[in-house]
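What follows is a set of notes on a single structure, which appears directly below.
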Amino acid sequence: MAGLDRIDLELLAALADDPRVTIVALAENLGLSRNTIQARMARLEQTGIFQSYERSFSTDVLGFPLQAFVSIGVRQTELPRIINELARIPEVVQAHGLSGSIDLLARVACRDARHLFDTDARILSIEGVERTETSLAMGEVIPFRVAGLIGLARRES
């Protein structure tokens, strides 16, 4: 469990419940001093547990309501360069490396079907990309979450 104690897990649970909570509120809610909370937050940050401080934005409101997942097969020897080129395509909002028959899974956001077609073509034009398969996202049914994992870790500690 990466050296997380009961207080760390309570702190993380509070942050998962309210990501905008202040240090003062955390201290009050957990019955700890502000300095203790700040020190633990700094230590937790050093562990790499906080993946991003970037705000999440609605791609719909930005004008890119069509979301799709593009499964990408590549020549393995060219994977690092392909990932770098994929990262230069602004419509690619996220990508994961996979095991199995598909090498990469990219999440893209586009204005409409034509824009998606053009984005797919740009991905396919990357040297070393051998094939793609695109699936439209019909809607997010379970958003990214970790509160359940924090709860499980708390029960197991």
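The values are calculated or read from the model by the stated rules, or taken from the named source; none is laboratory data. Since the structure is predicted, the reported quantities are computational estimates derived from the model, not experimental observations. Heads up, the Cβs are rebuilt from the backbone with ideal geometry, glycines too, and the neighbour counts pull from every protein chain shown. With ligands, DNA and RNA removed, areas are computed over all heavy atoms of the protein, side chains included. Shrake-Rupley method; radii C 1.70, N 1.55, O 1.52, S 1.80 Å.
Observations on the model:
- Placing +1 on the Cβ of every Lys and Arg and -1 on the Cβ of every Asp and Glu, with no other charges, gives the chain a dipole of roughly 280 debye about its Cα centre.
- Summing Cβ point charges (Lys, Arg +1; Asp, Glu -1) relative to the Cα centre of region 60-136 gives a dipole of roughly 80 debye.
- The GluC sites (Glu not before Pro) of region 21-71 that DSSP puts in a loop, and whose beta carbon has at most 15 other beta carbons within 10 Å, are GLU54.
- With the charge dipole of the chain set up from +1 on Lys and Arg Cβ and -1 on Asp and Glu Cβ about the Cα centre, the Cα lying farthest toward the positive end among the listed residues SER99, PRO80, GLY148 is that of GLY148.
- The alpha carbons of the chain give a radius of gyration and a Dmax of 20.1, 57 Å, in that order.
- Residues whose placed amide H lies under 5 Å from that of VAL93, excluding near-sequence neighbours: ARG107, VAL108, ALA109
- CD proxy at 222 nm, helix term only [per DSSP H run n ≥ 4: -39500 (n - 2.57); per residue of the chain; nearest 500]: -12500 deg cm²/dmol
- Expressed as a whole percent, the accessible surface of region 1-153 that belongs to carbon and sulfur atoms is 55, based on a 1.4 Å probe.
- FRET efficiency, GLN76 to ALA121 (Cβ-Cβ, R0 25 Å, nearest 0.05): 0.65
- Accessible surface, region 6-50, averaged per residue in Å² (probe 1.4 Å): 61
- Region 6-50 - charge dipole about Cα centre, Lys and Arg +1 at Cβ, Asp and Glu -1, debye rounded to 20: 140
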